[in-house]
Amino acid sequence: MAKKNRSLKIAQFHWGFPPMIGGVETHLTILLSEMVRMGHKVDLLTGAAEGAKAVDRYKGVGVYRVPIMDLNWLAKRGLNGLLGETEKVFTGFLKRTRPDIIHCHNMHYFSKPHTRTLARLSREFGVPLVLTAHNVWDDNLFLDLARNIKWDHIIAVSHFIKRELIGIGVPHKKITTVHHGIDEQLYNPKIKYKSIFKKYPQLKNKKIVFHPARMGLAKGCDVSIKALRRIKDRIPNIMLILAGTKNIIDWAQSQQKDIAYMVDLVDFFNMRKNVLIDAFDLTDMPKLYAASDVCVYPSTASEPFGLTMLEALSSAKPMVVTETGGMPEIIKDGINGFVVPIRDFEALASRVIQLISNKELHDRLGYTGRQMVEQNYTKEIVTRKTLDVYKSLL
(Lines give C-alpha, C1' and ligand atoms only; values in the text may rest on other atoms or scores of the structure.)
Protein backbone atom coordinates (compact mmCIF):
# COMPACT_ATOMS: atom_id res chain seq x y z
CA MET A 1 0.00 0.00 0.00
CA ALA A 2 1.38 3.38 -0.99
CA LYS A 3 1.95 5.97 1.70
CA LYS A 4 -0.36 8.95 1.48
CA ASN A 5 2.42 11.47 0.78
CA ARG A 6 4.78 9.16 -1.07
CA SER A 7 6.85 10.78 -3.80
CA LEU A 8 6.04 9.07 -7.10
CA LYS A 9 8.03 8.45 -10.25
CA ILE A 10 5.65 9.13 -13.15
CA ALA A 11 6.23 8.30 -16.82
CA GLN A 12 4.04 10.36 -19.13
CA PHE A 13 3.42 9.67 -22.83
CA HIS A 14 1.89 12.05 -25.36
CA TRP A 15 2.29 12.80 -29.04
CA GLY A 16 3.16 16.48 -28.60
CA PHE A 17 4.55 19.08 -26.21
CA PRO A 18 5.52 22.77 -26.70
CA PRO A 19 6.66 24.16 -29.06
CA MET A 20 3.75 22.11 -30.42
CA ILE A 21 0.55 24.00 -29.58
CA GLY A 22 -2.81 22.55 -28.61
CA GLY A 23 -5.15 21.96 -25.70
CA VAL A 24 -3.54 18.71 -24.57
CA GLU A 25 -0.06 20.21 -24.86
CA THR A 26 -1.07 23.21 -22.74
CA HIS A 27 -2.73 20.89 -20.22
CA LEU A 28 0.53 18.95 -19.88
CA THR A 29 2.58 22.10 -19.18
CA ILE A 30 0.20 22.84 -16.29
CA LEU A 31 -0.24 19.33 -14.89
CA LEU A 32 3.30 17.97 -15.12
CA SER A 33 5.07 21.02 -13.71
CA GLU A 34 2.59 21.12 -10.83
CA MET A 35 3.33 17.44 -10.09
CA VAL A 36 7.02 18.33 -9.87
CA ARG A 37 6.24 21.25 -7.57
CA MET A 38 4.39 18.83 -5.30
CA GLY A 39 7.52 16.68 -5.01
CA HIS A 40 7.09 14.00 -7.68
CA LYS A 41 9.55 12.95 -10.40
CA VAL A 42 8.00 13.32 -13.86
CA ASP A 43 9.39 12.34 -17.26
CA LEU A 44 7.62 12.73 -20.60
CA LEU A 45 8.19 10.81 -23.84
CA THR A 46 6.82 12.86 -26.72
CA GLY A 47 7.18 13.62 -30.41
CA ALA A 48 10.17 15.30 -32.00
CA ALA A 49 9.60 18.94 -32.95
CA GLU A 50 11.55 21.24 -35.22
CA GLY A 51 13.97 23.40 -33.24
CA ALA A 52 13.42 21.48 -29.98
CA LYS A 53 16.11 19.52 -28.12
CA ALA A 54 15.85 15.73 -28.09
CA VAL A 55 16.48 15.76 -24.32
CA ASP A 56 15.35 18.78 -22.34
CA ARG A 57 13.76 19.94 -19.10
CA TYR A 58 10.61 22.00 -18.62
CA LYS A 59 10.04 23.37 -15.11
CA GLY A 60 11.64 20.28 -13.60
CA VAL A 61 9.99 17.81 -16.02
CA GLY A 62 12.32 15.58 -18.05
CA VAL A 63 11.29 15.84 -21.71
CA TYR A 64 12.44 13.23 -24.24
CA ARG A 65 11.53 13.76 -27.90
CA VAL A 66 11.63 10.95 -30.45
CA PRO A 67 10.50 10.74 -34.10
CA ILE A 68 8.28 7.70 -33.52
CA MET A 69 5.99 9.85 -31.32
CA ASP A 70 5.68 12.62 -33.94
CA LEU A 71 2.18 12.23 -35.40
CA ASN A 72 2.82 14.67 -38.25
CA TRP A 73 5.74 12.52 -39.39
CA LEU A 74 3.83 9.28 -38.79
CA ALA A 75 0.85 10.55 -40.83
CA LYS A 76 3.12 11.00 -43.84
CA ARG A 77 5.29 7.93 -43.30
CA GLY A 78 2.66 5.40 -42.24
CA LEU A 79 2.84 2.93 -39.35
CA ASN A 80 4.21 -0.16 -41.08
CA GLY A 81 7.59 -1.46 -39.93
CA LEU A 82 7.79 0.62 -36.73
CA LEU A 83 7.02 -2.06 -34.14
CA GLY A 84 10.65 -2.97 -33.41
CA GLU A 85 11.77 0.64 -33.02
CA THR A 86 8.72 1.45 -30.87
CA GLU A 87 9.45 -1.45 -28.52
CA LYS A 88 13.10 -0.41 -28.26
CA VAL A 89 12.35 3.25 -27.50
CA PHE A 90 9.52 2.55 -25.04
CA THR A 91 11.52 -0.13 -23.20
CA GLY A 92 14.56 2.15 -22.93
CA PHE A 93 12.44 5.02 -21.59
CA LEU A 94 10.78 2.84 -18.94
CA LYS A 95 14.09 1.25 -17.86
CA ARG A 96 15.61 4.73 -17.53
CA THR A 97 12.72 6.25 -15.56
CA ARG A 98 11.59 3.18 -13.53
CA PRO A 99 8.12 4.64 -12.97
CA ASP A 100 5.50 3.83 -10.35
CA ILE A 101 2.79 4.95 -12.79
CA ILE A 102 2.57 5.08 -16.60
CA HIS A 103 0.18 7.79 -17.75
CA CYS A 104 -0.54 8.32 -21.44
CA HIS A 105 -2.70 10.90 -23.17
CA ASN A 106 -4.85 10.21 -26.26
CA MET A 107 -3.11 6.92 -26.96
CA HIS A 108 -6.52 5.30 -27.45
CA TYR A 109 -6.25 6.43 -31.07
CA PHE A 110 -3.78 7.12 -33.91
CA SER A 111 -1.57 4.01 -33.65
CA LYS A 112 -2.35 0.44 -32.61
CA PRO A 113 1.36 -0.62 -32.55
CA HIS A 114 2.29 2.18 -30.10
CA THR A 115 -0.59 1.53 -27.73
CA ARG A 116 -0.42 -2.25 -27.69
CA THR A 117 3.34 -2.09 -27.11
CA LEU A 118 2.88 0.26 -24.15
CA ALA A 119 0.11 -1.90 -22.67
CA ARG A 120 2.30 -5.02 -22.90
CA LEU A 121 5.29 -3.24 -21.33
CA SER A 122 3.19 -1.93 -18.45
CA ARG A 123 2.35 -5.55 -17.56
CA GLU A 124 5.97 -6.69 -17.96
CA PHE A 125 7.20 -3.88 -15.68
CA GLY A 126 4.28 -4.43 -13.27
CA VAL A 127 3.27 -0.75 -13.44
CA PRO A 128 -0.35 0.53 -13.60
CA LEU A 129 -1.35 2.07 -16.94
CA VAL A 130 -3.53 5.19 -16.88
CA LEU A 131 -5.10 6.83 -19.93
CA THR A 132 -6.42 10.36 -20.12
CA ALA A 133 -9.04 10.48 -22.88
CA HIS A 134 -9.05 14.03 -24.20
CA ASN A 135 -11.11 13.06 -27.26
CA VAL A 136 -13.37 10.39 -28.72
CA TRP A 137 -13.67 9.30 -32.34
CA ASP A 138 -16.22 7.45 -34.45
CA ASP A 139 -14.30 4.57 -35.98
CA ASN A 140 -13.02 1.04 -35.34
CA LEU A 141 -9.54 2.08 -34.16
CA PHE A 142 -11.05 4.07 -31.30
CA LEU A 143 -13.40 1.22 -30.39
CA ASP A 144 -10.50 -1.24 -30.31
CA LEU A 145 -7.99 0.83 -28.35
CA ALA A 146 -10.45 2.40 -25.90
CA ARG A 147 -12.19 -0.84 -24.97
CA ASN A 148 -9.81 -3.73 -25.64
CA ILE A 149 -6.60 -2.34 -24.14
CA LYS A 150 -6.34 -3.26 -20.45
CA TRP A 151 -6.25 0.25 -19.02
CA ASP A 152 -6.00 0.15 -15.23
CA HIS A 153 -7.97 3.39 -15.15
CA ILE A 154 -9.17 6.07 -17.56
CA ILE A 155 -9.38 9.77 -16.78
CA ALA A 156 -12.03 11.55 -18.87
CA VAL A 157 -11.63 15.32 -19.26
CA SER A 158 -15.41 15.83 -19.17
CA HIS A 159 -18.60 14.00 -18.27
CA PHE A 160 -19.33 14.03 -22.01
CA ILE A 161 -16.17 11.97 -22.68
CA LYS A 162 -17.00 9.60 -19.81
CA ARG A 163 -20.49 9.04 -21.19
CA GLU A 164 -19.09 8.29 -24.66
CA LEU A 165 -16.67 5.73 -23.20
CA ILE A 166 -19.45 4.07 -21.20
CA GLY A 167 -21.45 3.99 -24.44
CA ILE A 168 -18.88 1.71 -26.11
CA GLY A 169 -18.73 -0.64 -23.14
CA VAL A 170 -16.00 0.66 -20.85
CA PRO A 171 -17.08 -0.07 -17.22
CA HIS A 172 -18.10 3.17 -15.51
CA LYS A 173 -16.09 2.34 -12.37
CA LYS A 174 -12.92 2.36 -14.47
CA ILE A 175 -13.48 6.00 -15.49
CA THR A 176 -13.00 9.15 -13.42
CA THR A 177 -13.89 12.60 -14.75
CA VAL A 178 -11.21 15.18 -14.01
CA HIS A 179 -11.81 18.54 -15.66
CA HIS A 180 -8.78 20.51 -16.76
CA GLY A 181 -7.20 23.12 -14.54
CA ILE A 182 -5.72 26.52 -15.29
CA ASP A 183 -2.92 28.70 -13.94
CA GLU A 184 -5.21 31.33 -12.45
CA GLN A 185 -2.26 33.63 -11.75
CA LEU A 186 -1.16 33.67 -15.39
CA TYR A 187 -4.70 34.28 -16.64
CA ASN A 188 -6.25 36.90 -14.40
CA PRO A 189 -8.36 40.06 -14.79
CA LYS A 190 -5.68 42.37 -13.36
CA ILE A 191 -3.01 41.61 -15.95
CA LYS A 192 -1.47 44.64 -17.69
CA TYR A 193 -2.24 44.27 -21.37
CA LYS A 194 -1.64 47.67 -22.99
CA SER A 195 1.64 46.48 -24.52
CA ILE A 196 -0.38 44.22 -26.86
CA PHE A 197 -1.62 47.38 -28.63
CA LYS A 198 1.96 48.21 -29.62
CA LYS A 199 2.29 44.82 -31.26
CA TYR A 200 -1.21 44.97 -32.78
CA PRO A 201 -2.15 48.67 -33.09
CA GLN A 202 -5.30 47.80 -35.05
CA LEU A 203 -6.85 46.61 -31.77
CA LYS A 204 -6.55 49.96 -29.99
CA ASN A 205 -9.88 51.66 -29.14
CA LYS A 206 -11.85 48.74 -30.56
CA LYS A 207 -14.42 46.39 -29.12
CA ILE A 208 -12.72 43.01 -29.27
CA VAL A 209 -14.24 39.56 -29.75
CA PHE A 210 -11.63 36.84 -29.23
CA HIS A 211 -12.01 33.35 -30.75
CA PRO A 212 -9.03 31.73 -29.01
CA ALA A 213 -9.26 28.18 -30.38
CA ARG A 214 -6.98 27.42 -33.31
CA MET A 215 -8.49 28.18 -36.69
CA GLY A 216 -10.52 25.37 -38.20
CA LEU A 217 -14.01 24.56 -39.40
CA ALA A 218 -14.59 22.18 -36.48
CA LYS A 219 -13.80 25.05 -34.10
CA GLY A 220 -16.57 27.17 -35.63
CA CYS A 221 -14.33 29.95 -36.97
CA ASP A 222 -16.59 30.33 -40.03
CA VAL A 223 -19.55 30.77 -37.66
CA SER A 224 -17.70 33.57 -35.85
CA ILE A 225 -16.97 35.30 -39.16
CA LYS A 226 -20.63 35.10 -40.23
CA ALA A 227 -21.70 36.42 -36.81
CA LEU A 228 -19.26 39.30 -37.21
CA ARG A 229 -21.28 40.62 -40.16
CA ARG A 230 -24.31 41.01 -37.88
CA ILE A 231 -22.31 42.44 -34.98
CA LYS A 232 -20.63 45.02 -37.23
CA ASP A 233 -24.04 46.49 -38.15
CA ARG A 234 -24.63 47.36 -34.48
CA ILE A 235 -21.04 47.89 -33.32
CA PRO A 236 -18.98 49.35 -36.21
CA ASN A 237 -15.67 49.45 -34.27
CA ILE A 238 -15.70 45.69 -33.66
CA MET A 239 -12.60 43.48 -34.12
CA LEU A 240 -12.56 39.70 -34.30
CA ILE A 241 -9.32 37.95 -33.33
CA LEU A 242 -8.71 34.51 -34.86
CA ALA A 243 -5.76 32.39 -33.75
CA GLY A 244 -3.93 30.76 -36.61
CA THR A 245 -1.22 28.35 -35.41
CA LYS A 246 1.92 26.93 -36.96
CA ASN A 247 3.15 24.25 -34.57
CA ILE A 248 0.22 21.87 -34.19
CA ILE A 249 -0.46 18.17 -34.54
CA ASP A 250 -2.37 18.08 -37.82
CA TRP A 251 -3.08 14.34 -38.20
CA ALA A 252 -5.82 14.96 -40.81
CA GLN A 253 -3.63 17.43 -42.75
CA SER A 254 -6.53 19.92 -42.93
CA GLN A 255 -5.28 22.95 -41.00
CA GLN A 256 -3.90 25.03 -43.87
CA LYS A 257 -6.92 24.32 -46.06
CA ASP A 258 -9.27 25.52 -43.29
CA ILE A 259 -7.24 28.68 -42.71
CA ALA A 260 -7.26 29.50 -46.43
CA TYR A 261 -11.06 29.17 -46.52
CA MET A 262 -11.44 31.42 -43.48
CA VAL A 263 -9.26 34.13 -45.02
CA ASP A 264 -11.29 33.93 -48.24
CA LEU A 265 -14.52 34.20 -46.23
CA VAL A 266 -13.30 37.37 -44.51
CA ASP A 267 -12.40 38.88 -47.89
CA PHE A 268 -15.72 37.73 -49.39
CA PHE A 269 -17.56 39.77 -46.75
CA ASN A 270 -15.13 42.69 -47.13
CA MET A 271 -14.23 42.63 -43.43
CA ARG A 272 -10.42 42.51 -43.54
CA LYS A 273 -10.26 45.69 -41.40
CA ASN A 274 -12.37 44.01 -38.72
CA VAL A 275 -10.39 40.78 -38.39
CA LEU A 276 -6.95 40.05 -36.95
CA ILE A 277 -5.42 36.68 -37.81
CA ASP A 278 -2.01 35.71 -36.47
CA ALA A 279 -0.09 32.82 -34.93
CA PHE A 280 0.13 34.26 -31.44
CA ASP A 281 2.95 33.53 -29.02
CA LEU A 282 1.80 31.72 -25.88
CA THR A 283 3.14 34.65 -23.85
CA ASP A 284 0.71 36.98 -25.66
CA MET A 285 -2.39 34.92 -24.93
CA PRO A 286 -3.09 36.24 -21.40
CA LYS A 287 -2.84 39.81 -22.71
CA LEU A 288 -5.20 39.06 -25.61
CA TYR A 289 -7.80 37.69 -23.20
CA ALA A 290 -7.39 40.70 -20.93
CA ALA A 291 -7.76 43.13 -23.84
CA SER A 292 -10.89 41.40 -25.15
CA ASP A 293 -14.49 42.24 -24.34
CA VAL A 294 -16.05 38.86 -25.12
CA CYS A 295 -14.69 35.41 -25.97
CA VAL A 296 -16.45 32.98 -28.31
CA TYR A 297 -16.07 29.30 -29.14
CA PRO A 298 -18.94 28.24 -31.43
CA SER A 299 -17.60 24.74 -32.07
CA THR A 300 -19.48 22.69 -34.64
CA ALA A 301 -17.94 19.40 -33.42
CA SER A 302 -18.45 17.58 -30.13
CA GLU A 303 -15.76 19.54 -28.33
CA PRO A 304 -14.47 17.26 -25.53
CA PHE A 305 -13.66 20.12 -23.18
CA GLY A 306 -11.96 23.25 -24.50
CA LEU A 307 -9.21 24.62 -22.25
CA THR A 308 -9.79 28.07 -23.73
CA MET A 309 -13.01 28.26 -21.72
CA LEU A 310 -11.02 28.21 -18.49
CA GLU A 311 -8.54 30.75 -19.84
CA ALA A 312 -11.42 33.11 -20.65
CA LEU A 313 -13.20 32.61 -17.33
CA SER A 314 -9.96 32.96 -15.37
CA SER A 315 -9.50 36.30 -17.16
CA ALA A 316 -13.03 37.29 -16.02
CA LYS A 317 -14.31 37.34 -19.61
CA PRO A 318 -17.77 35.94 -20.38
CA MET A 319 -17.76 33.33 -23.13
CA VAL A 320 -20.34 32.26 -25.70
CA VAL A 321 -20.14 28.60 -26.71
CA THR A 322 -22.29 26.07 -28.55
CA GLU A 323 -24.36 23.35 -26.96
CA THR A 324 -22.04 20.50 -27.83
CA GLY A 325 -19.68 18.08 -26.12
CA GLY A 326 -18.30 19.05 -22.74
CA MET A 327 -18.57 22.83 -23.13
CA PRO A 328 -21.94 23.27 -21.35
CA GLU A 329 -20.37 21.56 -18.33
CA ILE A 330 -18.20 24.66 -17.85
CA ILE A 331 -20.16 27.52 -19.45
CA LYS A 332 -23.47 27.90 -17.64
CA ASP A 333 -26.03 29.85 -19.67
CA GLY A 334 -26.70 33.24 -18.09
CA ILE A 335 -24.27 32.58 -15.22
CA ASN A 336 -20.74 32.88 -16.62
CA GLY A 337 -21.55 33.16 -20.33
CA PHE A 338 -24.09 31.95 -22.86
CA VAL A 339 -24.76 28.71 -24.73
CA VAL A 340 -26.18 28.93 -28.26
CA PRO A 341 -27.27 26.30 -30.83
CA ILE A 342 -24.67 24.84 -33.19
CA ARG A 343 -24.03 26.90 -36.36
CA ASP A 344 -26.54 29.59 -35.25
CA PHE A 345 -24.45 32.64 -36.13
CA GLU A 346 -27.40 34.96 -35.49
CA ALA A 347 -27.79 33.71 -31.91
CA LEU A 348 -24.03 34.07 -31.44
CA ALA A 349 -24.11 37.64 -32.77
CA SER A 350 -27.08 38.52 -30.54
CA ARG A 351 -25.33 37.33 -27.37
CA VAL A 352 -22.09 39.13 -28.24
CA ILE A 353 -23.96 42.38 -28.88
CA GLN A 354 -25.84 41.95 -25.59
CA LEU A 355 -22.63 41.44 -23.61
CA ILE A 356 -20.82 44.38 -25.19
CA SER A 357 -23.84 46.69 -24.81
CA ASN A 358 -24.68 45.75 -21.21
CA LYS A 359 -21.68 46.43 -18.96
CA GLU A 360 -23.42 45.30 -15.77
CA LEU A 361 -24.29 41.93 -17.32
CA HIS A 362 -20.81 41.61 -18.85
CA ASP A 363 -19.05 42.29 -15.55
CA ARG A 364 -21.35 40.05 -13.51
CA LEU A 365 -20.86 37.04 -15.78
CA GLY A 366 -17.11 37.65 -15.96
CA TYR A 367 -16.81 37.95 -12.16
CA THR A 368 -18.78 34.75 -11.64
CA GLY A 369 -16.57 32.91 -14.13
CA ARG A 370 -13.44 33.96 -12.26
CA GLN A 371 -14.96 32.76 -8.98
CA MET A 372 -15.81 29.39 -10.52
CA VAL A 373 -12.22 28.92 -11.70
CA GLU A 374 -10.80 29.74 -8.27
CA GLN A 375 -13.18 27.27 -6.61
CA ASN A 376 -13.09 24.38 -9.09
CA TYR A 377 -10.48 24.61 -11.87
CA THR A 378 -7.08 25.63 -10.51
CA LYS A 379 -3.88 23.79 -11.42
CA GLU A 380 -3.63 22.50 -7.84
CA ILE A 381 -7.12 20.96 -7.98
CA VAL A 382 -6.61 19.10 -11.29
CA THR A 383 -3.20 17.82 -10.14
CA ARG A 384 -4.44 16.53 -6.78
CA LYS A 385 -7.38 14.78 -8.44
CA THR A 386 -5.01 13.11 -10.91
CA LEU A 387 -2.65 12.04 -8.12
CA ASP A 388 -5.66 10.60 -6.27
CA VAL A 389 -6.29 8.32 -9.28
CA TYR A 390 -2.66 7.17 -9.19
CA LYS A 391 -2.74 6.46 -5.47
CA SER A 392 -5.93 4.43 -5.77
CA LEU A 393 -4.03 2.04 -8.08
CA LEU A 394 -0.87 1.63 -5.98
Practice task
Might you check whether a residue that is in a helix (DSSP H, G or I), basic (Lys, Arg) and under 24 Å from residue 322 (Cα atoms) occurs anywhere in region 187-199?
Solution key: no
Exercise for the section: Determine which single condition residue 56 fails, assuming it passes every other condition in (1) buried (at least 18 other Cβ atoms within 10 Å of the Cβ); (2) assigned to a strand (DSSP E or B). Expected result: (1)
Completion exercise
Only one of (1) closer than 20 Å to residue 384 by Cα; (2) over 22 Å from the mean Cα position of the chain (by Cα); (3) surrounded by fewer than 16 Cβ atoms within 10 Å (Cβ to Cβ) does not apply to residue 77, and that is (1)
Fill in the blank from the handout: Filtering region 4-34 for residues that are of a type in the set (A, V, I, L, M) and either closer than 17 Å to residue 110 by Cβ or surrounded by fewer than 22 Cβ atoms within 10 Å (Cβ to Cβ) (or both) leaves a count of 6
Problem - Filter result for residue 345 (over 30 Å from residue 138 (Cα atoms), at pLDDT 95 or above and over 21 Å from the mean Cα position of the chain (by Cα)) - result: no
Fill in the blank from the handout: Expected single match for touching a His at 6+ places or on another chain (Cβ under 7 Å), more than 17 Å from residue 210 (Cα to Cα) and among the charged types (D, E, K, R) among 329, 303 is 329
Fill in the blank from the handout: Reported set for region 171-186 where residues are surrounded by fewer than 23 Cβ atoms within 10 Å (Cβ to Cβ), part of a loop (DSSP other than H, G, I, E, B) and in contact (Cβ under 8 Å) with a residue 60 or more places away in the chain is 178, 179, 183, 184, 186
Problem - Residues of region 146-158 satisfying the condition of being assigned to a loop (DSSP other than H, G, I, E, B) and not hydroxyl-bearing (Ser, Thr, Tyr) - result: 148, 149, 150, 151, 152, 157
Completion exercise
Among helices (runs of 4 or more DSSP H) entirely within region 266-369, at least 2 residues that are under 26 Å from residue 236 (Cβ atoms) and either in contact with a helix residue (DSSP H, G or I) (Cβ under 7 Å, 6 or more places away or on another chain) or in contact (Cβ under 8 Å) with a residue 12 or more places away in the chain (or both) occur in 285-291, 345-357
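Listed here are the residues, each with its yes/no results for (1) in the same structural domain as residue 13 (by TED's automatic domain parsing); (2) within 19 Å of residue 145 (Cβ to Cβ); (3) of a type in the set (Asp, Glu); (4) in contact with a Phe, Trp or Tyr (Cβ under 8 Å, 6 or more places away or on another chain).
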{"position": "82", "(1), (2), (3), (4)": "yes, yes, no, no"}
{"position": "91", "(1), (2), (3), (4)": "yes, no, no, no"}
{"position": "103", "(1), (2), (3), (4)": "yes, yes, no, yes"}
{"position": "111", "(1), (2), (3), (4)": "yes, yes, no, no"}
{"position": "116", "(1), (2), (3), (4)": "yes, yes, no, no"}
{"position": "122", "(1), (2), (3), (4)": "yes, yes, no, no"}
Practice task
Residue by residue through region 168-207, note down the ones that are in contact with a Phe, Trp or Tyr (Cβ under 9 Å, 6 or more places away or on another chain) and of a type in the set (Phe, Trp, Tyr).
Solution key: 187, 193
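Results for (1) in a helix (DSSP H, G or I); (2) without any contact (Cβ under 8 Å) to a residue 40 or more places away in the chain, shown as yes or no for each residue.
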residue	(1), (2)
76	yes, yes
79	no, yes
87	yes, yes
93	yes, no
107	no, no
116	yes, yes
130	no, no
141	yes, yes
144	yes, yes
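The values are calculated or read from the model by the stated rules, or taken from the named source; none is laboratory data. The structure displayed is predicted, hence computed values, not measured ones. FYI the Cβ positions are ideal-geometry reconstructions off the backbone, even for glycines, and counts take in every protein chain you see.
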